[in-house]
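A.B. asks: Mind having a look at this structure? Questions to follow.
Here, each number is a calculation from the coordinates, and none is a lab measurement. Everything quoted here is computed from the prediction, not taken from an experiment. With ideal geometry, Cβ positions are generated from the backbone for all residues, glycine too; neighbour counts draw on all protein chains shown.
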Amino acid sequence: MPNPPAIPPDPAAVHASALVIDAHADTPQRFVDESWDFTSPLAIADQPAGHLNLATARRGNLAAEFFALWPDPAQCPGARYALRTLTLLDAVREQVRRHPAELALCTSPKEILAARAANKFAILLGIEGGHAIENSLALLRLYHALGVRYMTLTWANSNDWADSSGDIDDPTVPHHNGLTSFGRQVIAEMNRLGMMVDLSHVSDRTFDDVLAVTRAPVLVSHSAARALTASHRNLTDAQLRALAANGGVCMVNFYSAFIDENYRTAWAEQKPALRAAHKSLAAEYATRGTPVPYHIASRLDREFAARIPRPPLESLIAHFDHIIQIAGIDHVGIGTDFDGICALPEGINSAADLPKITAALLARGHSPATLHKLLGTNLLRLFAATQTASDIVQTPSS
């Protein structure tokens, strides 16, 4: 007697049963620059809608989010990077203080699981851009003491100790051919502290240098596959294999220009006009003695992005598939870049749409067990391994 046909898994049930963790969202800027509250609706009067709030996180079964503390150089007059970073950090902690029944600040995998059990949204902290430490290991240690659990070594700008992919082709920017000796000290101290080393944004040589010296697996918090979309922000297949050998995880970015080659080339054509518009906006705000607020600059980006058709959701799903094929299912996750990007693929408008990722990957033949890894447990494993490799005892925050 033939076996009955297999019943396909229910995408909604698979997603609901997963521990979903996103490695990167730029939401803290909204707390500071828009005086916005995470438990409020996404849209407020005369402000952009945003991609993530508590309600959309609940609808998308998002259990934990790493909030990026990004000291955008444009928002740091006088290169006061630490001030901006600490202001963002304080704003996140204030959200938790105001909403203790709904939000929990977490600093370890155990605390993420405890927050989930208590039906609280787990908030974690990462720094985006090593210029935030202002060349000070003491400041790095202070950030860790305040709850920061990863640092992206560079943003789009190279700093004094590590090269970025964002300006690596700019001959006017001083570069180091990867990490400097101080950069290697930064990696050693992050390893000692149990702070994840994040290689999104770094140059190819910096990527190689870090893998040569780290004694913990590394994070790539919000990047995609360069074989599919030719952005320097994405990882090559060789880098994906090296990442797998290291035990690290690549969290897939949702930005249209990183996941769709047609969109990337169309966006590149818009860049000269967009730069001119930003220059004009900066001049206008200079007369007021202030930098352009991020949400105002972001609105301009979105206006230009809206001129280009959004790529299909399948473009994003193809990056997950490619990374699984090259690095393996244990080395891929979600790094949306919500609230930090101006264009998402069709069908993804907020965190509420995360179940569509699960449904699309199930339709491509991936099993519920493997998707649970991708949706969160791969990052949880990396986080735990980093703390296990630390030289200091990890204790729960009070």
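A.B. asks: Taking all pairs of different Cα atoms in the range 173-270, averaging 1/r and flipping that mean, what Kirkwood radius in angstroms comes out?
C.D. replies: 14.2
A.B. asks: If the reach is capped at under 24 angstrom between alpha carbons, list the lysines near K271, excluding any in the same chain fewer than eight residues apart.
C.D. replies: Those lysines meeting the cut-off are K279.
A.B. asks: I've got another one for you. Would you mind checking which residues have amide H under 5 Å from T27's amide H? H placed 1.01 Å from N; only 5 or more apart, or other chain.
C.D. replies: A68
A.B. asks: Translational diffusion coefficient of the range 49-193 at 4 °C, 1.567 mPa s, Stokes-Einstein with Kirkwood Rh over Cα pairs, in µm²/s as a whole number.
C.D. replies: Using the Kirkwood radius from Cα pairs, D works out to 79 µm²/s.
A.B. asks: Divide, for the range 244-332, the radius of gyration over alpha carbons by 2.2 N^0.38 Å, where N is the residue count.
C.D. replies: 1.46
A.B. asks: Follow-up question, since we're still on this one. Using 0.36 nm per residue, how much length does the chain from S40 to H278 gain when fully extended, once their Cα-Cα distance is taken away?
C.D. replies: So the chain would gain 82.7 nm between S40 and H278.
A.B. asks: May I pose another question? Where does the chain land at 222 nm, in deg cm²/dmol rounded to the nearest 500, when only DSSP H runs of n ≥ 4 count, each adding -39500 (n - 2.57), divided by all residues?
C.D. replies: Helix contribution divided over all residues of the chain: -12500 deg cm²/dmol.
A.B. asks: Give a residue-ordered list of calculated ³J(HN,Hα) values for the range 100-111 (Karplus: 6.51 cos²θ - 1.76 cosθ + 1.60, θ = phi - 60°; whole Hz; x for Gly, Pro).
C.D. replies: Values per residue, Gly and Pro as x: x, 7, 10, 10, 9, 7, 10, 10, 7, x, 4, 6 Hz.
A.B. asks: Quick check for me: using +1 on Lys/Arg Cβ and -1 on Asp/Glu Cβ, what's the dipole size of the chain about its Cα centre, in debye to the nearest 20?
C.D. replies: It comes to approximately 640 debye.
A.B. asks: Let me ask another. State the volume of the convex hull built on the alpha-carbon positions of the range 57-125, expressed per residue in Å³ and rounded to an integer.
C.D. replies: Residue-normalised Cα hull volume stands at 91 Å³.
A.B. asks: Residues with amide H under 5 Å of E128's amide H, sequence separation 5 or more or different chain, H placed in the peptide plane at 1.01 Å from N; which?
C.D. replies: L69, W70, T152
A.B. asks: On to the next question. With Cβ to Cβ distances under 14 Å as the rule, what net charge do the other residues near V210 carry (K, R +1; D, E -1)? Before the final figure, lay out each step's value.
C.D. replies: Details: positive: R184, R205, R215; negative: D163, E189, D198, D204, D208, D209.
Local charge sum for V210: -3.
A.B. asks: So what are the ³J(HN,Hα) numbers for the range 250-257, from phi and the Karplus equation (6.51, -1.76, 1.60; θ = phi - 60°), rounded to whole Hz, Gly and Pro as x?
C.D. replies: Result, rounded to whole Hz: 9, 9, 6, 6, 9, 5, 4, 6.
A.B. asks: Now for a separate question. Roughly what % of Cα-Cα distances in the chain sit above 29 Å, to the whole percent?
C.D. replies: Working: 31098 of 79003 pairs.
Value for the chain (Cα pairs over 29 Å): 39 percent.
A.B. asks: In terms of Cα to Cα distance under 16 Å, which lysines are near enough to K120, apart from those fewer than 8 places away along the same chain?
C.D. replies: Filter leaves K110.
A.B. asks: What's the local net charge at H232, with K and R +1, D and E -1, over the other residues with C-beta under 15 Å away?
C.D. replies: -3
A.B. asks: Applying the Karplus parametrisation 6.51 cos²θ - 1.76 cosθ + 1.60 with θ = phi - 60° to the phi angles of the range 141-149, what ³J(HN,Hα) value in whole Hz is obtained for each residue in order, glycine and proline being reported as x?
C.D. replies: Result, rounded to whole Hz: 5, 5, 4, 4, 4, 8, x, 6, 10.
A.B. asks: What translational D, rounded to a whole number of µm²/s, comes out for the range 139-206 from Stokes-Einstein when the hydrodynamic radius is the Kirkwood one over Cα pairs, at 25 °C and 0.890 mPa s? The partial results should precede the final answer.
C.D. replies: Numbers: Rh = 12.2 Å.
The Stokes-Einstein estimate is 201 µm²/s.
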